[in-house]
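The values are calculated or read from the model by the stated rules, or taken from the named source; none is laboratory data. Here the structure is a predicted model, which means the values were calculated and not measured. All Cβ positions, even for glycine, are placed from backbone atoms using ideal geometry, and neighbour counts span all protein chains on display. Quick note on the areas: whole protein, heavy atoms, side chains included, nothing else; ligands and nucleic acids left out. Shrake-Rupley method; radii C 1.70, N 1.55, O 1.52, S 1.80 Å.
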Amino acid sequence: MGSSYLCLSLLLVLVITVSELVINGDSKTHKGDIKVLKELKKGIDPSTITPGSCVSSWDFSVDPCDHIFSEHFTCGFRCDVVVSKLSRVTEISLDRAGYTGSLSSTSWNLHYLQTLDLSENYFNGIIPKSLSKLKNLRKLALSRNSLYGEIPSSIGSLSKLEELYLDSNHLQGSIPSSFNGLMSLQRLELQENNLTGEFPNNLGSLKNLLFLDTSDNAISGQFPSSLPVSLVEISMRNNYLHGNLPENFGDMVFLQVMDLSQNQLSGAIPWSLFNHPSLQQLTLSHNKLTFLEMPINMGIQSELIALDLSNNEFQGLLPSFMAMMPKLSALSLENNMFTGMIPSQYALKTVFPVMGTSPFSRLLLGGNYFFGPIPAPLMGLKPGSANVSLVDNCLYRCPTSFFFCQGRVQKSVMACKRFGSVIP
């Protein structure tokens with residue numbers, strides 16, 4: 001009887017030992033990485049972990065990396081064998097399942113993580129400083145959540161980071177000057193937050209930055225005088241930037257798109273923007289700009305395709321050089337204070353463009369003080385052939401039988417006389 005009990009006890013110990021070897025000793029996933037995955041799941045409100053979502057399948061009774069893409073761990077992360085035949089978590093990309101919870105309860109000790117994407121959920125609270133532990137991180141995407149507070153300056157220590165998406169949250173404070181340490185950064189998206197303060201002037205050192213978006217914030221101060229020359233696209237729409245535009249845009253030889261609309265910029269538009277070697281789309285509408293600098297060679301070397309200068313404070317005669325730009329097909333000058341007759345070059349480019357140049361498919365000149373007759377080439381323009389508007393000017397006889405005179409009537413004689421524009 002005693003020997004039978006002893007054998008049973010030994011058998012039980014053997015089973016437990018073998019089980020521990022299977023679960024622990026032969027585990028393919030580093031135990032520290034398993035700990036972080038458990039912390040992340042625990043930090044999510046259980047009521048938002050819905051059936052069929054990635055996190056709902058995370059079953060830690062088995063090894064995560066050994067059962068990835070199985071019914072136990074259907075999705076949400078990726079593993080790679082890095083050292084000593086151990087699998088390390090290299091990517092966490094949660095599905096857009098509406099998860100809520102805090103990121104601060106996770107330790108983020110994932111030394112081999114390269115991608116962290118939790119975007120388009122409802123994570124709240126602050127962005128934890130502990131994310132700076134992710135020294136191999138290349139992509140951090142927290143877009144479209146409910147995060148608030150300031151952006152931790154410690155993120156600036158992630159020297160391998162290539163993409164940073166913090167847009168569409170409730171973040172406050174200023175853009176950390178420590179971002180000048182993100183030497184590998186290629187894309188920075190901070191739009192649709194509540195960021196304030198001035199734009200850091202020390203980010204010109206980010207030699208790999210291609211895309212910058214800080215739109216729809218409350219950033220103030222002057223337009224930064226030093227930006228990375230590598231930039232291809234800049235968007236700072238709908239902020240409180242003021243003062244003059246710098247003259248050094250020509251240094252950004254790769255720039256293709258720039259949107260600085262809905263700010264308080266004033267003064268002149270530098271000629272370098274009209275003669276830029278790569279700029280294709282320029283939007284400066286809804287500012288307080290007053291003057292257009294004449295480009296070298298009348299803009300015939302311009303690469304601009306779309307130009308929006310509407311809702312500014314331009315006055316005087318409309319210069320003809322914009323009609324000389326060979327690729328320009330969309331031009332909006334609405335709601336300024338241009339006066340004089342509409343130069344014939346604009347009508348000719350719309351109806352009879354020079355061979356090898358693009359016609360105006362959109363020419364919006366309404367809301368100014370142009371006077372005189374409608375330019376003759378436009379008289380035969382048929383609806384649908386181009387989007388042209390001459391409404392709300394001081395033109396002589398602009399009947400609604402012409403589609404480009406429909407929508408708003410011409411200004412009164414009294415309003416036109418204020419600018420020396422006369423309707424006979």
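Brief remarks follow.
- Taking amide H atoms as placed 1.01 Å from N in the peptide plane, the amide H of I68 has no partner under 5 Å among residues 5 or more positions away or on other chains.
- Length-normalised contact order of the stretch 192-349 in % [C-alpha pairs under 8 Å, at least 6 apart]: 15
- Formal net charge of residues neighbouring L227 (Cβ-Cβ distance under 12 Å; K, R +1; D, E -1): -1
- Counting only DSSP H runs of at least 4 residues, each contributing -39500 (n - 2.57), and dividing by the residue count of the chain, the helix-based mean residue ellipticity at 222 nm comes to -3500 deg cm²/dmol.
- Length gained on full extension, S84 to S61: 6.0 nm, using 0.36 nm per residue less the C-alpha separation.
- I234, I305, I68, ranked by accessible area, largest first (probe 1.4 Å): I305, I68, I234
- Model label sites at V229 and S130, defined 7 Å from Cα along the beta-carbon direction, differ in position by 4.3 nm.
- Note on the stretch 202-237 and the stretch 25-96: Cα centroid distance 37 Å, given to the nearest whole angstrom.
- Net lengthening on full extension, F211/Y240 (0.36 nm per residue, minus Cα-Cα): 8.4 nm
- Bridges between two residues of the chain, per DSSP, are antiparallel at a rate of about 10%.
- 5 angstrom amide H check on H276, placed H, neighbours 5+ away: E303
- Rg ratio (alpha-carbon, reference 2.2 N^0.38 Å) - the stretch 128-206: 1.00
- Histogram of C-alpha separations across the stretch 88-419, 20 Å bin width, %: 29, 45, 24, 3
- Accessible area per residue, Å², the chain with all protein chains present, probe 1.4 Å: 46
- Rg to Rh quotient for the stretch 268-424, alpha carbon positions, Kirkwood Rh: 0.95
- Contact order relative to length of the chain, as percent, for alpha carbon pairs under 8 angstrom and 6 or more apart: 6
- Note on the stretch 29-162: Cα convex hull, mean projected area over all directions, 7.6 nm².
- Within straight-line reach of K411, meaning a Cα separation under 17 Å, there are no lysines at least 8 residues removed in sequence or on another chain.
- Nearest-20 debye value, the stretch 235-381 charge dipole, Cβ charges on Lys, Arg, Asp, Glu: 280
- Nearest-0.05 FRET efficiency for K35 and Y396, computed from C-beta distance (R0 56 Å): 0.10
- Extension gain for the segment Q315 to S278, taken as residue separation times 0.36 nm less the Cα-Cα distance, is 10.5 nm to one decimal.
- Carbon plus sulfur fraction of accessible area for the chain, probe 1.4 Å, in percent: 56
- Student exercise, the chain dipole from Lys, Arg, Asp, Glu Cβ charges, in Debye to nearest 20: 720
- Note on H111 and D45: their simple-model spin labels are 3.6 nm apart, each label 7 Å out from Cα toward Cβ.
- Residue-by-residue Karplus 3J(HN,Hα) for the stretch 43-58, coefficients 6.51, -1.76, 1.60, Hz, glycine and proline x: x, 8, 4, x, 5, 9, 8, 8, x, x, 6, 4, 5, 5, 8, 5
- FRET efficiency, I300 to T196 (Cβ-Cβ, R0 51 Å, nearest 0.05): 0.75
- Filter on K28/K139; K35/K85; K139/K327 - keep pairs with C-alpha separation over 30 Å: K139/K327
- Working note: Karplus 6.51/-1.76/1.60 with θ = phi - 60° gives the stretch 101-108 the couplings x, 10, 8, 6, 7, 9, 6, 6 Hz, where Gly and Pro are set to x.
- Cross-link partners of K382 among lysines (Cα-Cα below 17 Å; sequence separation of 8 or more within a chain): K349
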